[in-house]
């Protein structure tokens with residue numbers, strides 16, 4: 001049996017392990033900003049990745065097209081049924097919209113929590129080892145992306161920007177285990193809107209958990225959940241999903257609801273980054289500080305550029 | 001020509017991994033299955049076995065570092081694991097036969113061990129809360145099957161390419 005390690009190699013290995021443990025603990029501590037070499041690597045790899053992503057997206061597009069072609073007949077039948085409702089709904093929306101505008105003019109309300117600038121982005125990669133739910137987009141701070149912006153698909157909210165470099169950005173998906181990732185949400189109830197906080201993800205049910213709902217209010221299955229815009233980061237009214245089950249929480253003081261997300265988290269291709277028009281408050285959601293952030297908006301919103 | 005082909009294939013595999021990761025997770029009945037593409041490390045294990053252990057470790061260090069910085073933001077995790085796996089593969093081959101099927105099984109076994117180490121690491125730092133049994137059934141098994149498919153399709157090509165390089169190397173030396 002030959003000697004597996006010589007002494008020199010053993011020392012090298014030990015030094016290497018100590019160095020790497022130090023590096024791991026260093027990078028675990030500060031996960032908000034990328035330093036300069038990191039940014040350089042991220043942008044270079046991101047550039048190469050976006051070149052590869054184009055044909056890959058094209059090919060998956062073809063597969064999706066074939067898939068939807070096979071379902072055409074069924075879909076057509078279903079859509080025809082809904083078309084009649086649609087015309088009625090459209091007319092109603094038009095009247096409501098014009099009424100809303102005139103009312104807004106009446107009270108001179110110019111900006112709303114609902115307004116946002118959409119910024120289109122393409123997903124160039126998904127974290128291949130899939131332990132952290134994370135995707136990488138081809139838009140970065142040079143395109144105006146900032147930390148904590150909401151990211152959504154046409155179907156609904158999927159997450160928020162967690163890290164920005166000049167030409168790429170990382171999205172933390174809603175399914176994350178990060179306890180600091182909370183989204184303020186509203187359940188569109190029958191009588192009135194009910195507030196709750198979206199925090200956590202049930203990996204066994206594959207559903208999001210809406211916590212801290214007032215126990216005196218009634219939440220029913222099938223009701224829609226949207227963002228409330230009151231968390232200070234996200235615009236108002238982005239669809240999150242629908243309620244599938246309501247229970248009381250661990251302490252029995254408030255209610256808790258399971259929510260089936262509206263967006264499909266696999267096969268993400270094109271997403272929209274939503275920049276809120278109304279000034280945003282970068283709350284303790286981001287970096288866990290308890291500093292007074294409401295009175296010092298300019299300084300705190302600028303941190304995404306670093 | 002072949003000289004540059006070996007690192008080029010490694011770069012291509014590195015860039016292809018996240019594209020294949022976009023297919024995952026897959027809904028299979030009631031379960032959600034995660035397929036983790038591990039193309040690059042399989043290729044590096046092949047290099048380590050058929051070509052040179054040292055070179056495989058260096059590639060492992062380089063791509064591991066890229067992987068850490070670009071995807072997971074925990075620097076030092078993959079840049080430690082990749083060279084380690086290559087080193088173990090290169091050392092283990094002295095004791096077993098170098099047939100393609102044996103190397104395939106060995107590399108899949110090493111990838112499974114790596115996945116297990118990663119699972120323990122991530123549950124240690126509280127990034128994941130899934131229990132071990134569901135990790136084994138929903139993650140490890142589909143991952144190994146998917147990578148087995150990949151290797152059975154392209155394993156011979158890797159071997160062919162690396163052997164061509166070894167022959168060229170020997171010719172240059174003589």
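FYI, it's all coordinate maths here, none of it is from the lab. Note that the structure is a prediction, hence the values are computed from the model and not measured. In this analysis, Cβ positions are derived from the backbone assuming ideal geometry, glycine residues included, and neighbour counts consider all displayed protein chains.
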query = Using alpha carbons only, what's the Rg to Rh ratio of the protein assembly as shown with Rh from Kirkwood?
reply = 1.02
remark   = Largest fluctuation, A:238, A:66, A:186 only, Gaussian network model of chain A with Cα springs under 10 angstrom, belongs to A:66
ask   = Can you give the relative contact order of the range B:38-173 as a percent, counting alpha carbon pairs under 8 Å and 6+ residues apart?
value = 28
query = When the Debye formula is applied to the Cα atoms of chain B, each taken as the same point scatterer, what base-10 log of I(q)/I(0) results at q = 0.12, 0.13, 0.15, 0.19 Å⁻¹?
reply = -0.56, -0.65, -0.86, -1.36
task = Can you put A:135, A:124 in order of Cβ neighbours within 10 angstrom, beginning with the fewest?
result = A:135, A:124
For the range A:151-254, Kirkwood radius (reciprocal of mean inverse C-alpha pair distance, Å) = 14.4
Contour minus Cα-Cα distance for residue A:108 and residue A:120 (0.36 nm per residue) = 1.3 nm
ask   = Taking neighbour counts of Cβ atoms within 10 Å as a proxy for exposure, in what order, fewest first, do A:256, A:149, A:267 appear?
value = A:267, A:256, A:149
inquiry  = Quick check on chain A: helices-only [θ] at 222 nm, where DSSP H runs of length 4 and up contribute -39,500 (n - 2.57) each and the sum goes over total residues. Nearest 500, please.
reply    = -11500 deg cm²/dmol
ask   = Okay, helix-only estimate at 222 nm for chain B: each DSSP H run of n ≥ 4 adds -39500 (n - 2.57), divide by all residues, round to 500 deg cm²/dmol; what do you get?
value = -24000 deg cm²/dmol
inquiry  = Give the separation of the Cα centroids, the range B:110-135 to the range A:101-134, in Å.
reply    = 34
ask   = Using the alpha-carbon atoms, what tilt in degrees (0 to 90, nearest 10) does helix A:36-70 show relative to the longest principal axis of chain A?
value = 50
request  = List A:176, A:122 from most exposed to least, where exposure is judged by having the fewest other Cβ atoms within 10 Å.
outcome  = A:122, A:176
query = When Cβ neighbours within 10 Å are restricted to other protein chains, what is their mean count per residue of peptide A:43-51?
reply = 3
Virtual spin-label span in nm between residue A:97 and residue A:18, 7 Å along Cα→Cβ = 6.8
task = Using only Cα atoms, find the angle between the long axis of helix A:7-29 and the longest principal axis of chain A, and express it within 0 to 90 degrees, rounded to the nearest 10.
result = 20
task = Mind giving me the nanometre distance, one decimal, between the label points for residue A:143 and residue A:191, set 7 Å out from Cα along Cα→Cβ?
result = 4.6
task = Show me B:39-47, A:201-209, A:12-20 ranked by packing, highest mean number of other Cβ atoms within 10 Å first.
result = B:39-47, A:201-209, A:12-20
remark   = For residue B:95 and residue A:54, extending 7 Å from Cα along the Cα-Cβ vector and measuring point to point gives, in nm, a value of 5.0
query = Counting only other chains, what is the mean number of Cβ atoms within 10 angstrom of the Cβ of each residue in peptide A:171-183?
reply = 1
key: Centroid-to-centroid separation of the range A:205-275 and the range A:30-77 [C-alpha atoms, Å]   = 26
request  = Report, in degrees rounded to the nearest 10, the 0 to 90 angle that the Cα long axis of helix A:72-107 makes with the longest principal axis of chain A.
outcome  = 80
Average Cα contact separation per residue, chain A, under 8 Å, 6 or more apart, as relative contact order % = 17
task = Calculate the mean, over all residues of peptide A:150-157, of how many other protein chain Cβ atoms lie within 10 angstrom of the residue's Cβ.
result = 0
request  = Could you work out the relative contact order of the range A:1-143, using alpha carbon pairs under 8 angstrom and six or more residues apart, expressed as a whole percent?
outcome  = 20
task = With viscosity set to 1.002 mPa s and temperature to 20 °C, compute the Stokes-Einstein D of the range A:62-154, Rh being the Kirkwood radius across alpha carbon pairs; µm²/s, no decimals.
result = 117
Gained length - residue A:221 relative to residue A:44, 0.36 nm times residue gap less alpha-carbon distance = 59.0 nm
